[in-house]
1. Once the piece of chain linking LYS7 and THR56 is laid out straight, how much longer is it, given 0.36 nm per residue of separation minus the C-alpha distance between them?
2. At a threshold of 8 angstrom on Cα-Cα distance, excluding pairs fewer than six apart, so keeping six or more, what relative contact order does the range 1-150 reach in percent?
3. Which Cα, out of ALA65, ALA52, ILE112, lies furthest along the positive dipole direction of the chain (beta carbon charges, K/R +1, D/E -1)?
4. Name all residues of the range 148-171 having a backbone nitrogen under 19 Å from the label point set 7 Å from the Cα of ARG108 along its Cα→Cβ direction, giving them as ranges.
5. Take the Cα atoms of the chain, build their convex hull, and give its volume per residue in Å³.
6. Can you pull the accessible area of LYS69 for me, 1.4 Å probe, Å² to the nearest 10?
7. Sorting check: for 155-163, 142-150, which peptide has the highest mean count of neighbouring beta carbons within 10 Å, and how do the rest follow?
8. Please state the charge dipole magnitude for the chain, taken about the Cα centre, from unit charges on C-beta atoms (+1 on K and R, -1 on D and E), reported in debye and rounded to the nearest 20.
Amino acid sequence: MLETSRKNIYIDLGDITKLDCQCIVNAANKSLLGGGGVDGAIHRAAGPKLLAECRTLHGCRTGEAKITKGYNLKAEYVIHTVGPVYSGAESDRRLLAECYRNSLDLAREYHIHSIAFPAISTGVYGYPLSEAATIAAATVIEWMETHPDDDISVIFSCFDKRTYELYQKLM
Ligand code: ADP
């Protein structure tokens, strides 16, 4: 885990399901019924009870976020958010930023003190990595500046070296 020059922001290279933090964020799809990529990895690691709880949530809109327990994960909670499928439209930016903001608002509501984000939308959903990482970093920094009394640590979980190096540069 790498500390950055920003207070309470960290970067980690590796599998988000292995992280020892209170909450991990899932880049889910609208059904919340599981998928590939990080979603598949989280469901595999959490076990079938996660899917059972997700079924009770009746999906999630793009940019919104819903919370469940973490079951077999080290994390106590999973926040499921749905990133935009990259289209090049102006709304992509806004919706991606909403994922980070809404997840952090939900974390705050649950008094969560550490939360890890994958690089939402940058896999199957096709968001160009450097644009998506720039939005992620800016949105998290802005949220932290507007919530100075919330002592919450944010970890950017990077599955590959390219993502890790990019976040390092951005921070
Ligand atoms: P999306 O549908 O939002 O694009 P993906 O799961 O396809 O979601 O990819 C989102 C990001 O998560 C990608 O950068 C991918 O490399 C990364 N990723 C995939 N598996 C993991 C994992 N186990 N831990 C952390 N990040 C992961």
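1. Values: separation 49, 0.36 × 49 = 17.64 nm, distance 3.66 nm.
Residue separation times 0.36 nm, minus the Cα-Cα distance, leaves 14.0 nm.
2. Values: 254 pairs, mean separation 36.0, N = 150.
The normalised contact order for the range 1-150 reaches 24 percent.
3. Checking the options against the dipole of the chain, the answer is ALA52.
4. 148-156
5. Details: hull volume 16.5 nm³, N = 171.
Normalising the Cα hull of the chain by residue number yields 96 Å³.
6. 110 Å²
7. Numbers: 155-163: 19.0, 142-150: 12.2.
Per-residue mean Cβ counts within 10 Å order the peptides as 155-163, 142-150.
8. The dipole magnitude comes to about 500 debye.
The values are calculated or read from the model by the stated rules, or taken from the named source; none is laboratory data. From a predicted model like this one, the values you see are computed outputs, not experimental measurements. Note: ideal-geometry Cβ built from the backbone for every residue, glycine included; neighbour counts use all protein chains shown. Surface areas here come from the heavy atoms of the whole protein model, side chains and all, with no ligands, DNA or RNA. Shrake-Rupley method; radii C 1.70, N 1.55, O 1.52, S 1.80 Å.
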